[in-house]
Amino acid sequence: MSQKYKIILSGGGTGGHIYPAIAIANELKYRFPDAEFLFVGAKGRMEMEKVPQAGYKINGLWISGIQRKLTLKNLSFPFKLVSSLWKAHKIIKAFKPDVAIGTGGFASGPLLQMANSNNIPSLIQEQNSYPGITNKLLSKKAQKICVAYDGLERFFPKEKIIKTGNPVRQGLLDIETKIVEAKNFYDLKHGKLTLLIIGGSLGSRRINELIEKELDFFDTQNLQIIWQCGKLYYQQYKIYGNTNSIQVYEFLNNMDFAYAAADIVISRAGASSVSELCIVGKPVIFIPSPNVAEDHQTKNAMSIVNANAALMIKEEDLDADFENKFSLLLNSTEKQKSLSENIKKLAFVNATKDIVDEVEKLLKESK
């Protein structure tokens, strides 16, 4: 008989925190169909839209991060933190979860802090090679910490760490079977090379500027393009989506089809994107964001590049190197094939199941 567990999850701010949480919830729902789920997010952030789309309830906290620069927004942070801790306490008391799961993002701090205060077992899923301050603080009380990279005992208690890899959307595990359907979905020409550009869920100003500059170059290479420019930039770049060979999207909801349709991918190197691209197994050029803590996107990308499984161009080198590196990849089917084969070897195909195995152990211990 299926257990009526109550499971609370928090992860948000960007797709990199939201989709792992949803992937974990989906696997738990599959194992425990009678379980009750509640997500907790940050008001005004994308999880408030994406989680209900995935079929789950979500409550919002009034919380945001501390800006690195001195800004007026930072003055409200203590009030937001107190408000969020109080609301998280009320949510925990009302919902009475059996376990709390955090995948990073602003709201996971107050929620897991309150879960720990109420002796509810908790699990943290850390996607990056360099954890944020929230997970470093939460790790002291969490029972288990699931990670995707080696060397995190520098930040977390060693005995709690389990290397599982990052959870990915279930639909990515069988994209080879979806290629024809995906090309038809995007109305692409079969037999013509497709370039997919993903600059993260909110978009990347620098990648968008690069793509705009290189549109004529791509045209001479006879490419068709799926370009996710991001919510912040869609109004600026949607004008380029009126041609047969270029499609511009604010956000790609059918990521499995986007990956299946692609022959080459240009991407940021957020941890979740890197994990997905390992499973997808397409030739990738990473352009890491330099504007993240400890430059962890470059470290994420380098872990793949060092295995001869992807190419990387730093933002500062784009103007000098992009066309040359891209042309070499485009014109060498041998290079495309070797990158594709090598990146697949780095995939943690069972990451979601392995994380949920750990959650299941906590649930059984708590009963």
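When restricted to Cα atoms, the range 93-227 yields an Rg and a Dmax of 21.0, 62 Å, respectively. Taking square-rooted eigenvalues a ≥ b ≥ c of the alpha carbon gyration tensor, is the chain rounded, prolate or oblate, where a/c under 1.5 means rounded and, failing that, a/b exceeding b/c means prolate? Note, shape of the chain comes out prolate. The residues of the chain have, on average, 46 Å² of accessible surface per residue, using a 1.4 Å probe with all protein chains present. Close amide H partners of Asn59, meaning residues 5 or more places away or on another chain with modelled amide H under 5 Å apart, are Phe39, Val40, Gly41.
Angle of helix 77-95 to the longest C-alpha principal axis of the chain, folded into 0 to 90 degrees and rounded to 10: 70°.
Relative to one another, the C-alpha centroids of the range 182-208 and the range 125-155 are positioned 32 Å apart. As a length-normalised measure over Cα pairs under 8 Å and 6 or more apart, the relative contact order of the chain settles at 15 percent. Rounded to the nearest 10 degrees, the angle from helix 108-117 to the longest Cα principal axis of the chain is 20 degrees. Please give the Cα centre distance for the range 218-270 versus the range 38-53, rounded to the nearest Å. A separation of 25 Å, based on Cα centres.
Descending by average beta-carbon neighbour count within 10 Å, the peptides 261-270, 181-190, 339-348, 162-171 line up as 261-270, 162-171, 339-348, 181-190, the highest first. Spin-label pair Leu232-His190: with each label point 7 Å from Cα along the Cα-Cβ axis, the two points sit 4.0 nm from one another. Couplings 3J(HN,Hα) of the range 274-289, computed from phi: 4, 4, 5, 5, 5, 6, 5, x, 9, x, 10, 10, 8, 10, x, 6 Hz, in residue order, whole Hz [Karplus 6.51 cos²θ - 1.76 cosθ + 1.60, θ = phi - 60°; x for Gly and Pro]. The calculated FRET efficiency for Ala320 paired with Asp219, based on their beta-carbon distance and R0 = 25 Å, is about 0.70.
Once you list every other residue whose beta carbon is under 13 Å from the beta carbon of Glu276, what net charge do they have if Lys and Arg are +1 and Asp and Glu are -1? Neighbourhood net charge equals +3.
Where nothing but the Cβ of Lys and Arg (+1) and of Asp and Glu (-1) is charged, how large is the charge dipole of the chain around its Cα centre, in debye to the nearest 20? Write out the running numbers ahead of the final one.
On the way: 47 positive and 38 negative charges, 349 e Å.
Using Cβ point charges on Lys, Arg, Asp and Glu, the chain gives about 1680 debye.
Beta carbons within 10 angstrom, averaged per residue: use that to sort the peptides 29-42, 5-18, 100-113, highest first. Present the calculation step by step, with values, prior to reporting the outcome.
On the way: 29-42: 19.4, 5-18: 25.1, 100-113: 29.1.
Packing order, densest peptide first, comes out as 100-113, 5-18, 29-42.
Solvent-accessible area of the range 213-367 (1.4 angstrom probe, protein heavy atoms only): carbon and sulfur portion equals 45 percent.
The values are calculated or read from the model by the stated rules, or taken from the named source; none is laboratory data. Please read all numbers here as calculations on a predicted model, not as lab measurements. Every residue, glycine as well, gets a Cβ built from its backbone with ideal geometry; the counts of neighbours run over all protein chains shown. Please note that ligands, DNA and RNA were not included when accessible areas were found on the heavy atoms of the full protein model with its side chains. Shrake-Rupley method; radii C 1.70, N 1.55, O 1.52, S 1.80 Å.
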